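Worksheet: the structure to be examined is printed underneath.
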Amino acid sequence: MEDFIKMVRQYALDHYNTGGWDEIVEAWTDSDLLEYYSNANGNAKKAFKALAKTVKLRSEYAEDISNTAF
C-alpha cells in the first residue's frame, strides 16, 4: 500500500501541470488513494488505471465549467 501511495504521489508531482494531477497533490489524502487500491483488491496497476480515469474525468469537468464562465 505504501508503495502505491508513493508511486501515485510521485506521478502526480511529475505531471502536476497536466490532466488534473495537481488536484491529487493539493487535495487528495492517502486515504483517498487507498480507496482505489482497496477497490482493486491490492492490484496497483488496476488501481492506478481507475484513479487516472477519475482524474481525467474530474479535470475535463473542471475545464468545461471554466469554459462556460463569463
Residues satisfying the stated conditions in region 5-34, i.e. of a type in the set (Phe, Trp, Tyr) and either in contact with a Leu (Cβ under 7 Å, 6 or more places away or on another chain) or closer than 20 Å to ASP64 by Cα (or both)
TYR16, TRP21
Any residue in region 55-66 that is outside any helix (DSSP H, G or I), surrounded by fewer than 16 Cβ atoms within 10 Å (Cβ to Cβ), more than 10 Å from the chain's Cα centre (by Cα) and modelled with pLDDT under 95?
no
Within region 28-48, is even one residue of a type in the set (Val, Ile, Thr) and surrounded by 13 or more Cβ atoms within 10 Å (Cβ to Cβ)?
no
How about region 8-24: which of its residues are surrounded by fewer than 14 Cβ atoms within 10 Å (Cβ to Cβ) and assigned to a helix (DSSP H, G or I)?
GLN10, LEU13, ASP14
Please list, ordered by first then second residue, the pairs with beta carbon atoms under 9 Å, 6 or more apart or interchain, first in region 41-70 and under 15 Å from ASP22 (Cα atoms), second among the hydroxyl-bearing types (Ser, Thr, Tyr) and in a helix (DSSP H, G or I).
LEU51/TYR36; LEU51/TYR37; ALA52/TYR11; THR54/TYR36
Counting only residues that are modelled with pLDDT of 95 or more and either in a loop (DSSP other than H, G, I, E, B) or within 9 Å of the chain's Cα centre (by Cα) (or both), region 42-51 contains a total of 4
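The values are calculated or read from the model by the stated rules, or taken from the named source; none is laboratory data. Here the structure is a predicted model, which is why all the values come from computation and not from measurement. So basically every Cβ, Gly included, is an ideal-geometry build from the backbone, and we count neighbours across all protein chains shown.
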